[in-house]
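Novice: This structure is in structure tokens; I'll ask about it shortly.
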Amino acid sequence: MSRSVPSSWDDEADVVVVGFGYAGAMTAVAAHDAGATVAILEKMLDPGGISVCSAGGLRIAADADQAFQYLHATNAGTTPDDVLRRLAQGMTELPDMARELAAVNGAVVGVRESPANYPLPGYETFGFVYIDDLPGFDASSVFPQVRGSPQGARLFKVMLDNVAKRGISVRLATPARRLVQDADGAVIGIIAESHGRRIAIRARRAVVLTTGGFEGDAEMQRQHWQIKPVMSAAFRGNTGDGIRMAQAAGAQLWHMWHFHGSYGFRHPDPSYPFAIRTKRLPDWLPGKGLREDVRMTWIVVDRSGRRFMNEYDPYMQDTGHRAMERFDPVTQRYPRIPATLIIDEEGRKLYPLGAPTYNERGLSMSWSRDNQAEIQSGVIRRAQSLEELAERIGSAPSVLRATVERWNAMCGAGQDDEFGRPPGSMVPIRTPPFYFAELWPVVSNTQGGPRHDAEQRVIDAFGQPIPRLYAAGELGSVFGHLYMSGGNLAECFVGGRIAGRNAASLPALR
Ligand SMILES: Cc1cc2nc3c(=O)[nH]c(=O)nc-3n(C[C@H](O)[C@H](O)[C@H](O)COP(=O)(O)OP(=O)(O)OC[C@H]3O[C@@H](n4cnc5c(N)ncnc54)[C@H](O)[C@@H]3O)c2cc1C
């Protein structure tokens, strides 16, 4: 916070939006369409944040009441009902919203039914919206700094074009540093940095923070998470700036412990800045279908050579890291960090084990179809026998052999008695050579940040809104217990639209 109001302003707009991912773009579009002048400030040289490398799936719902029932159950009392009801209602409106936005460049919107991740009340009412096609769009030439899914890039192009069509002012490479508050605590502007110079931008109506989370801030992670270290999956620009700025203005924080993540690979080149997520296997619904069609080629063992988890959680890209969290006070270490992934020769041939994602200039990282390039580079290592493998990971050969023999026996019986992995996913490990790789906890995106109400107003430590300050997107996400696939993008669009409209509707400061 800067209570010392600058003597002059370098620029001004009705609504100042900080951060240019999906949430920032949607906020800006909504504020503009509600009649406000808007300025977007983006810290990095390129817009897009995590959004542009996402899978681009927006969670939608057919029935708002049922969607609320699900969100209520899955959030386990961590988020007030009225906030969840707004999101649930918004999810029913998302298909139309997507069509309106897609009209800007002829993007093709696809809507499909898809139940939520867990069989909680209301789970069947959900689906997804994607941008299925964008004629003439080549993601690799428009976003050469990005590796992700085509749907995510298409959706970001839709938002870029919507921002451009409206002539909304965008300042890239302009990190916001502090909020400016007046004597009553109302947020009236931003101090930012541009080309090494401090600039002050006045917000006549409001500031909306859409700066994402703290995937890129190891210190903030250490303070809030027991599990460590955790590597980021995609983007370095989100370093908790919006969290600190909101805190300085008095904001209450929520859901800081919670992140959407999994386990993944670490590149042996220490200059490679990201973890690499494992292949995205389809989610499955506990008790409602065990994906007999999906084969997972690996098992995961701890530092002693024992399995410790169901490697294929129902939504492994969200909770896959959670079993690694245990700290052993006797040995004073994390016995499951790093863990080890093990496959055999048959598994090596089946499919690429990793899927790099990033939004970062100067990187060029892909994963080979047969995993050979990663064996060459040392991400994956080879061992002629299980004994050799055990020695190289520092476990007792007899323990690792027993683990693998037990695993193979359970594959034969078609049942994982230890951790309940879906039977169809179980693949024996018996054909040498064997392959192994270190596995580390990975954060795809964080959920914590400033608490907001159903109007997206940032709430202070005593439950009161901070005047003229809003937040949207994963910065202070509503998900405080179990995340729902597609939920973050739904929040970017639903929350962004609410924040933008509300910000635009405030009386302008003179
Ligand atoms: C590989 C991957 C796939 C995913 N797929 C999905 C999916 O299909 N569906 C889903 O719901 N979720 C998905 N997620 C999560 C989702 O992508 C993110 O939660 C979401 O995109 C966040 O959007 P945002 O606008 O809040 O933040 P971001 O897109 O990260 O944007 C924040 C922006 O703020 C900028 N910024 C930060 N600090 C400052 C500052 N001080 N000043 C100015 N600007 C600043 C950043 O540079 C960044 O551009 C995925 C995540 C990953 C990693």
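Novice: Residues in the range 217-232 that are closer than 20 Å to SER51 by Cβ and either charged (D, E, K, R) or out of contact with any Pro (no Cβ under 9 Å at 6 or more places or on another chain) (or both): how many?
Specialist: Qualifying residue count for the region: 1.
Novice: Sort through ARG99, ARG86 and tell me the only one that's without any contact (Cβ under 8 Å) to a residue 40 or more places away in the chain, within 21 Å of ALA28 (Cβ to Cβ), of a type in the set (Lys, Arg) and assigned to a helix (DSSP H, G or I).
Specialist: The unique qualifying residue is ARG99.
Novice: Could you identify the single residue in ALA504, ALA508 that is in a helix (DSSP H, G or I) and either in the same structural domain as GLN317 (by TED's automatic domain parsing) or over 17 Å from the mean Cα position of the chain (by Cα) (or both)?
Specialist: ALA504
Novice: If ALA164 meets every condition in (1) within 16 Å of GLU42 (Cβ to Cβ); (2) surrounded by fewer than 22 Cβ atoms within 10 Å (Cβ to Cβ); (3) in contact with a strand residue (DSSP E or B) (Cβ under 8 Å, 6 or more places away or on another chain) apart from one, which number is that one?
Specialist: Condition (3) is where ALA164 drops out.
Residue-by-condition table, conditions (1) at positive phi; (2) at pLDDT below 95; (3) more than 10 Å from the ligand (Cβ to nearest atom); (4) crowded, with 22+ Cβ neighbours inside 10 Å:
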{"position": "SER4", "(1), (2), (3), (4)": "no, yes, yes, no"}
{"position": "SER7", "(1), (2), (3), (4)": "no, yes, yes, no"}
{"position": "ASP11", "(1), (2), (3), (4)": "no, no, yes, no"}
{"position": "VAL17", "(1), (2), (3), (4)": "no, no, no, yes"}
{"position": "ALA34", "(1), (2), (3), (4)": "no, no, yes, no"}
{"position": "LEU41", "(1), (2), (3), (4)": "no, no, no, yes"}
{"position": "LEU45", "(1), (2), (3), (4)": "no, no, no, no"}
{"position": "SER54", "(1), (2), (3), (4)": "no, no, no, yes"}
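Novice: In a strand (DSSP E or B), in contact with a Gly (Cβ under 9 Å, 6 or more places away or on another chain) and either within 15 Å of the ligand (Cβ to nearest atom) or at pLDDT below 95 (or both), is that true of LEU179?
Specialist: Yes: the conditions hold for LEU179.
Novice: Give the residue, chosen from ALA88, ALA98, ALA76, that is surrounded by fewer than 14 Cβ atoms within 10 Å (Cβ to Cβ), among the small types (Gly, Ala, Ser) and under 22 Å from the mean Cα position of the chain (by Cα).
Specialist: That would be ALA76, the only listed residue that is surrounded by fewer than 14 Cβ atoms within 10 Å (Cβ to Cβ), among the small types (Gly, Ala, Ser) and under 22 Å from the mean Cα position of the chain (by Cα).
Novice: Return yes when ALA62 is farther than 21 Å from GLU474 by Cβ, modelled with pLDDT of 95 or more and out of contact with any Phe, Trp or Tyr (no Cβ under 9 Å at 6 or more places or on another chain) and no when it is not.
Specialist: Answer is no for this residue.
Novice: Let me ask something else about it. Among the residues of the range 433-481, which ones are more than 25 Å from the chain's Cα centre (by Cα) and within 30 Å of TYR358 (Cα to Cα)?
Specialist: PHE434, TYR435, PHE436
The values are calculated or read from the model by the stated rules, or taken from the named source; none is laboratory data. None of these values were measured; they are calculated from a predicted model. Using ideal geometry, Cβ is built from the backbone for each residue, glycine included, and neighbour counts are taken over all protein chains shown.
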